[in-house]
Amino acid sequence: MPLMRIDMIRGRSQSEIKQILDIAYHAASTALHLRPRDRYQIVTQHDPDEMIIEDVGLGFERTSAFLMFSLTSSPRKVEDKQQFYQLLVHDLHQQLGIAPADVMINITTNSYEDWSFGDGQAQFLNGDLA
């Protein structure tokens, strides 16, 4: 965990998408203290008219490079979330030139009983994952 969904405007190359995924995984692993192989990422690409992302009055100028990261996760410390936000935005900007204003992040919290990783089992509850 977490489950990470990334929405973006269609048109990026496969190598750029892989870089985005790798950067996001590294930031999450570092800041959110993920287990090895705890990587669940889904990319959804949209036509430009399928995403309306404004700025709630903060003055951000959004471009077609915009990325929306939606994470579903078990509870995390506030400090870890803030570190994740900062690390992800920094690394995307440094490595891919994506403007910080073009990165939006949302984390939805759930509990261990909300996860089954396969076989119809609740691995956090049955002891397979501690």
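Taken together, the values in this text are just the output of simple stated rules run on the coordinates, not laboratory data. Note that the coordinates shown come from a computational prediction; the quantities given were computed from them, not determined experimentally. Glycine gets a Cβ as well: all are built from the backbone with ideal geometry, and neighbour counts include every protein chain shown.
At-a-glance table
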| read-out | value |
| --- | --- |
| Segment 1-79-segment 108-130 distance, computed between alpha-carbon centres (Å) | 23 Å |
| Angle in degrees between helix 14-32 and the longest Cα principal axis of the chain, rounded to the nearest 10 | 50 degrees |
| Between 0 and 90°, nearest 10: helix 78-96 axis offset from the chain longest Cα axis | 50 degrees |
| Distance in nm between pseudo-label sites at Leu21 and Ala122 (7 Å out along the Cβ direction from Cα) | 3.0 nm |
| Cβ-based charge dipole, segment 3-124, positive-most Cα from Gln19, Thr30, Pro75 | Thr30 |
| Among [x] 28, 16, 15; [y] 32, 16, 16; [z] 23, 17, 14, the entry derived from the coordinates for semi-axes √(5λ) of the Cα gyration tensor in Å | [x] |
| Charged-residue dipole, Cβ positions (Lys, Arg, Asp, Glu), segment 3-124 about Cα centre, Debye nearest 20 | 420 debye |
